[in-house]
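Here the structure is laid out as structure tokens; the discussion comes afterwards.
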Amino acid sequence: DVPVAVPARPRPLTGNERAFTAMVRNALFRRVELFARRRWADLGELDSGWGWTAQRWQEIGDAYFDEHADVGIGADARGPALLMVDRQPGVWRVRQLLDDPAGDHDWVIVAEVDLDASDEEGAAVIRLVDVGLLD
């Protein structure tokens, strides 16, 4: 008998926590960049599956930009201090703070990352929960 090599089961996407965290950070920051550039249609397209239309994004953006002149998208804005990840079994709850010019960090993008769906998709599956002023 010739031994048959059984292919190793591929490691799930979420199995490499460091790489998966970077993927989630990039996905949230993509939304920050689009928000900073007021690209409501692109944001609506990105999150349309969860009921986040371009109009909904624009209404939130209008409220933000009534208070602040812009949104930082530099190194500080991308840094780990502005992204909080609550790692729970099966789901990560993430909060991406917006880097406003006053440094208030009082606006946030709140989302959930479905780990099983992410493993199935081969990409971070992110569901937007809320965008707005911190409570």
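The values are calculated or read from the model by the stated rules, or taken from the named source; none is laboratory data. Keep in mind that what you see is a predicted model, and the values were worked out from it rather than measured. Please note: Cβ atoms are built from the backbone with ideal geometry, for glycine as well, and neighbour counts cover all protein chains shown. Surface accessibility is based on the protein's heavy atoms, side chains included, excluding ligands, DNA and RNA. Shrake-Rupley method; radii C 1.70, N 1.55, O 1.52, S 1.80 Å.
Using just its DSSP H runs of length 4 or more, each adding -39500 (n - 2.57), the chain gives a mean residue ellipticity at 222 nm of -11500 deg cm²/dmol after division by all residues. Rounded to the nearest 20, the size of the Cβ-charge dipole of the stretch 20-117 about its Cα centre is 360 debye, with Lys and Arg at +1 and Asp and Glu at -1. Heavy-atom accessible surface of the chain, averaged per residue, reaches 59 Å², computed with a 1.4 Å probe. Gain on full extension, evaluated as 0.36 nm per residue between Gln58 and Asp106 minus their Cα-Cα distance, stands at 15.5 nm. With respect to the chain, whose longest principal axis is taken over its alpha-carbon atoms, helix 54-67 is tilted by about 50°.
Between the helical axis of 17-36 and the longest alpha-carbon principal axis of the chain there is an angle of about 30 degrees. Using the Cβ-Cβ distance between Asp135 and Glu33 with R0 set to 25 Å, the FRET efficiency from 1/(1 + (r/R0)^6) comes to roughly 0.50. Considering the chain, its Cα convex hull presents a mean projected area of 10.2 nm².
If packing is taken as the average number of other Cβ atoms within 10 Å across a peptide's residues, how do 67-76, 27-36 rank, most packed first? Intermediate results must be reported in sequence, preceding the final value.
Values: 67-76: 13.3, 27-36: 19.3.
Those peptides, ordered most packed to least, come out 27-36, 67-76.
Between rounded, prolate and oblate, where does the stretch 14-78 land on the alpha carbon gyration tensor, with a ≥ b ≥ c its root eigenvalues, rounded for a/c under 1.5, else prolate if a/b exceeds b/c? Because a/c hits 1.5 or more and a/b fails to exceed b/c, the stretch 14-78 counts as oblate. Between Arg127 and Ala81, the modelled labels are 3.3 nm apart [label points 7 Å from Cα along Cα→Cβ].
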